[in-house]
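Contents: one structure, followed by commentary.
The values are calculated or read from the model by the stated rules, or taken from the named source; none is laboratory data. Small disclaimer: the values here were computed from a predicted structure and weren't measured. Cβ placement follows ideal geometry from the backbone for every residue including glycine, while neighbour counts extend to all protein chains displayed. These accessible areas exclude ligands, DNA and RNA; they are computed on the full protein's heavy atoms, side chains included. Shrake-Rupley method; radii C 1.70, N 1.55, O 1.52, S 1.80 Å.
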Amino acid sequence: MPAGTPPVWALPAPPARQRRLGRDEIVAAAMELADEGGTAALTMKAVAARLGPYTPMALYRYVHHKDGLVDLMLDAAAAEVRLPDPAGPDWRAALHDIATGTRWMIKRHPWYAELVHTRPPAGPHAMRRLECMLRILTGRGVEVGRALTFAALLDRHVVGSGVQEAQEARFERLDEPGAFATVRDLAAADGTVPLLTGWLSAPEPAPPDEQFDLGLAMLLDGIEARLP
């Protein structure tokens, strides 16, 4: 996508709906395509075809450019994350709920993790989600700049886990039989990694959800240790 295109929120509002075509329908169709085929399937031509007898130019009237469509998709996905009451008594549970809610949203929309850092976080739902995290943290005495750092660390864990799991799932689908055994044999032949070689002989990796929960707990422990 071209760099420097303005976020769709800074551009003129879309025109009135014509027939069955409007911004909501375009965004829903684009999300369905990306859910099914990933970001490679997300083209204006494909979205137009999903909607019916429309041309890509008809879509541009509502989203301005493909980046604008991505802006709208990301914010629609962010709207799926349920936000807790930031004034609630348990700040840790509130941040945990936002992080896990975002994780499950990314499981539904793996493309979100790939695209979220390609566009400015200017969508209304994205900003409300961040505002909620800031209010939770500042309610515990954290100044805003520090709270932004804590929120960014949590989001890096959530989004990074989503990217890694999507890539690993893709690798598992495409991997040739015996590739894992090849890695094990190479480790054994190297001779300098006995612990890794032993583990590879009977691997038992922790499930992704367990790894995610452990990382999130460690981050929340670190934040708690640094509260005023």
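Under 9 Å by Cβ, and 6 or more places apart or on different chains, what pairs join a residue from the range 36-63 that is free of Cβ contacts under 8 Å to residues at least 24 places away in the same chain with one that is assigned to a loop (DSSP other than H, G, I, E, B)?
Lys45/Thr55; Val47/Tyr54; Ala48/Tyr54; Ala48/Thr55; Pro56/Thr43
Can you name every residue in the range 188-228 that is part of a helix (DSSP H, G or I) and of a type in the set (Ser, Thr, Tyr)?
The answer is Thr197, Ser201.
Criterion first (of a type outside the set (S, T, N, Q), out of contact with any Pro (no Cβ under 6 Å at 6 or more places or on another chain) and outside any helix (DSSP H, G or I)) does Gly88 satisfy it? Please lay out each step first, then the result.
Working: of a type outside the set (S, T, N, Q): yes; out of contact with any Pro (no Cβ under 6 Å at 6 or more places or on another chain): yes; outside any helix (DSSP H, G or I): yes.
Considered against the rule, which asks whether it is of a type outside the set (S, T, N, Q), out of contact with any Pro (no Cβ under 6 Å at 6 or more places or on another chain) and outside any helix (DSSP H, G or I), Gly88 comes out as yes.
Only one residue in Asp85, Asp90, Asp71 is of a type in the set (Asp, Glu) and crowded, with 22+ Cβ neighbours inside 10 Å. Which one?
Of the residues listed, the single one that is of a type in the set (Asp, Glu) and crowded, with 22+ Cβ neighbours inside 10 Å is Asp71.
Specify the residue that is surrounded by the most Cβ atoms within 10 Å (Cβ to Cβ); the eligible residues are those in the range 198-228 that are small (Gly, Ala, Ser) and under 23 Å from the mean Cα position of the chain (by Cα).
Residue satisfying both the conditions and the ranking: Gly215.
Out of Ala46, Ala93, Ala77, Ala30, report the one residue that is within 22 Å of the chain's Cα centre (by Cα) and either more than 23 Å from His157 (Cβ to Cβ) or β-branched (Val, Ile, Thr) (or both).
Working: Ala46 fails: within 22 Å of the chain's Cα centre (by Cα); Ala93 fails: either more than 23 Å from His157 (Cβ to Cβ) or β-branched (Val, Ile, Thr) (or both); Ala77 fails: either more than 23 Å from His157 (Cβ to Cβ) or β-branched (Val, Ile, Thr) (or both).
Going through Ala46, Ala93, Ala77, Ala30 in turn, just one is within 22 Å of the chain's Cα centre (by Cα) and either more than 23 Å from His157 (Cβ to Cβ) or β-branched (Val, Ile, Thr) (or both): Ala30.
More than 27 Å from Gly139 (Cα to Cα), in a loop (DSSP other than H, G, I, E, B) and either at pLDDT below 95 or open to solvent by 60 Å² or more (accessible area, probe 1.4 Å) (or both): is that true of Glu165 in this structure?
Against the criterion (more than 27 Å from Gly139 (Cα to Cα), in a loop (DSSP other than H, G, I, E, B) and either at pLDDT below 95 or open to solvent by 60 Å² or more (accessible area, probe 1.4 Å) (or both)), Glu165 does not qualify.
Considering (1) in contact (Cβ under 8 Å) with a residue 12 or more places away in the chain; (2) assigned to a helix (DSSP H, G or I); (3) among the charged types (D, E, K, R), say which one Asp185 fails and leave the rest.
(1)
Residue check: is Trp104 of a type outside the set (D, E, K, R), under 26 Å from Asp71 (Cβ atoms), without any contact (Cβ under 8 Å) to a residue 40 or more places away in the chain and out of contact with any strand residue (DSSP E or B) (no Cβ under 8 Å at 6 or more places or on another chain)?
Criteria met by Trp104.
Determine which member of the set Arg50, Arg82, Arg23 is within 30 Å of Glu210 (Cβ to Cβ), among the charged types (D, E, K, R) and touching a helix residue (DSSP H, G or I) at 6+ places or on another chain (Cβ under 7 Å).
Arg82
Of all residues in the range 129-147, which are among the aliphatic types (A, V, I, L, M), farther than 23 Å from Ala76 by Cβ and surrounded by 16 or more Cβ atoms within 10 Å (Cβ to Cβ)?
Answer for the range 129-147, where residues must be among the aliphatic types (A, V, I, L, M), farther than 23 Å from Ala76 by Cβ and surrounded by 16 or more Cβ atoms within 10 Å (Cβ to Cβ): Ile136, Leu137, Val142, Ala147.
Give the residues of the range 26-47 that are exposed (fewer than 13 other Cβ atoms within 10 Å of the Cβ) and touching a helix residue (DSSP H, G or I) at 6+ places or on another chain (Cβ under 8 Å), sorted by residue number.
Matches in the range 26-47: Lys45 only.
Determine whether Ala126 is surrounded by 14 or more Cβ atoms within 10 Å (Cβ to Cβ), aliphatic (A, V, I, L, M) and touching an Asp or Glu at 6+ places or on another chain (Cβ under 7 Å). Even if it seems obvious, please write down each step before you answer.
Numbers: surrounded by 14 or more Cβ atoms within 10 Å (Cβ to Cβ): yes; aliphatic (A, V, I, L, M): yes; touching an Asp or Glu at 6+ places or on another chain (Cβ under 7 Å): yes.
So Ala126 passes the test.
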